[in-house]
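> Mind looking over this structure? Questions follow.
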Amino acid sequence: HQQVKKQQFMNQFTHHLRNGTMDRLRDKYRSCDILLLDDIQFLSRKEETQKELFHTFNELHGNGKQIVMTSDQHPKKIAGLEERLRSRFEWGLIVDIQPPELETKIAIIKKKCELNGIHIDNEIVNYIAANMGNNIREIEGIIIQLNAFANMMNQSITLEFAKNVVKNQIKERSENITIDDIVKVASKELNIKPSEIKSKSRSRKIVEARRIVIYLARSLTPNSMPSLAQYFGMKDHTAVSHAMKKINEIIENDENFKLLLEELSNKINTNNIDNDKNL
């Protein structure tokens, strides 16, 4: 079983090539039962390295061994990749791995807590999952921070305590989220047109969607109640306050509705991260 990053493979290849010990490299990689190779897109135009990987691939595949590779793009789109390697990469199952859904993130956080011997209740787990994006290393770091700060301060990990610890990370993320972003995601998930959310319609479905967007905008952006009232064409900030009160009442009595809000928060944060990557 060999698990290796692209850079490690290339560094080892260069080292053994210089020292005339390529047989050692071949023995190492061609005798394993499972080869996991990460970031293969960086092999682009590395002709000698690709040649060695080609023969290693053939050896392992011919002996019925397992090969798993990751890349940030489909093999067809990797420039500077030899055609013979590209065709072999396409022999197996190609899977597009998307950012985890909220339920998956919750499961990952619970597992990380278990592995690190940290106990936090479900409400805090859900809050972290919905608000901390999709970087699992970053999420694990927050969990460790929570535990360390709680031990130093001799305090139990409450939701308020957790919010204080992660507020800077969430603030950085929320500064890039706009109300339009929230309307776009919420309207898609709630099957309502963005224009309907901003309309004067009193339809129950649209009123609820509008309240949800207002709640998320207050939670995920620095917009004040007056600015939200202006955006939605409401009379003044008291209408926004009323919408917030209604949503909080539903949250208290409907766990499924609370999960819906958390799922929407997760999708909005994910959408924001994806937009940042495209800039």
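The values are calculated or read from the model by the stated rules, or taken from the named source; none is laboratory data. For clarity, every value in this text was computed on a predicted model and none was experimentally measured. Cβ sites come from the backbone with ideal geometry, for glycine too, and all protein chains shown count toward neighbours. When the accessible area is computed, the model is the full protein with side chains, heavy atoms only, and any ligands, DNA or RNA have been set aside. Shrake-Rupley method; radii C 1.70, N 1.55, O 1.52, S 1.80 Å.
> Ignoring ligands, DNA and RNA, what percent of the 1.4 Å accessible area of the stretch 1-111 is carbon and sulfur? Don't skip to the answer; put the middle values down first.
Details: 3370 of 7020 Å².
Here carbon and sulfur together make up 48 percent of the probe-accessible area.
> I've got another one for you. Compute the accessible area per residue over the stretch 98-180, keeping the other protein chains in place, probe 1.4 Å, unit Å².
Details: 4720 Å² over 83 residues.
Here the residues of the stretch 98-180 average 57 Å² of exposed surface.
> Any idea how far apart residue 154 and residue 224 come out in nm if each label point goes 7 Å out from Cα toward Cβ?
4.2 nm
> While we're looking at this one, here's another question. What dipole magnitude, in Debye to the nearest 20, does the chain give about its Cα centre under +1 on Lys/Arg Cβ and -1 on Asp/Glu Cβ?
Numbers: 42 positive and 38 negative charges, 124 e Å.
So the magnitude is around 600 debye.
> Sticking with this structure for a sec: Quick one: putting +1 on the C-beta of Lys and Arg, -1 on the C-beta of Asp and Glu, what dipole do you get for the stretch 175-269 around its Cα centre, in Debye to the nearest 20? Spell out each step's value before the answer.
Values: 16 positive and 13 negative charges, 107 e Å.
Magnitude of the dipole: close to 520 debye.
> So how strong a dipole does the stretch 58-103 carry about its Cα centre when Lys and Arg Cβ are +1 and Asp and Glu Cβ are -1, to the nearest 20 debye? Please report the intermediate quantities before stating the final value.
Details: 6 positive and 8 negative charges, 61 e Å.
With only Lys, Arg, Asp and Glu charged at Cβ, the dipole is about 300 debye.
> Taking amide H atoms as placed 1.01 Å from N in the peptide plane, list the residues 5 or more away in sequence, or in a different chain, whose amide H sits under 5 Å from that of residue 69.
HN-HN under 5 Å from residue 69: 37.
> What is the gain in length, in nm to one decimal, between residue 252 and residue 12 on full extension, counting 0.36 nm per residue of separation less the C-alpha to C-alpha distance? Before the final figure, lay out each step's value.
Details: separation 240, 0.36 × 240 = 86.40 nm, distance 5.74 nm.
Going from the current span to full extension adds 80.7 nm.
> Just one of (1) 128; (2) 137; (3) 183 is volume of the Cα convex hull per residue in Å³ calculated from these coordinates, so which is it?
For volume of the Cα convex hull per residue in Å³, the calculated option is (3).
> What does the C-alpha gyration tensor say about the overall shape of the stretch 127-169? Classify as rounded when a/c is under 1.5, otherwise prolate if a/b is larger than b/c, or oblate. Could you put the intermediate results ahead of the total?
Working: a/c = 2.43, a/b = 1.63, b/c = 1.49.
Prolate, because a/c is 1.5 or more and a/b exceeds b/c.
> Can you give me the relative contact order of the stretch 198-272 as a percent, contacts being Cα pairs under 8 Å and 6 or more apart? The partial results should precede the final answer.
Details: 45 pairs, mean separation 20.2, N = 75.
Relative contact order comes out at 27 percent.
> Going down the table (111/188; 198/246; 167/267; 105/167), which pairs top 25 Å between alpha carbons?
From the list (111/188; 198/246; 167/267; 105/167), the Cα-Cα distance tops 25 Å for 111/188.
> Got a sec? Charge dipole of the stretch 14-99, +1 on Cβ for Lys and Arg, -1 for Asp and Glu; which of 53, 16, 41 is way out at the positive end?
The listed residue farthest towards the positive side: 16.
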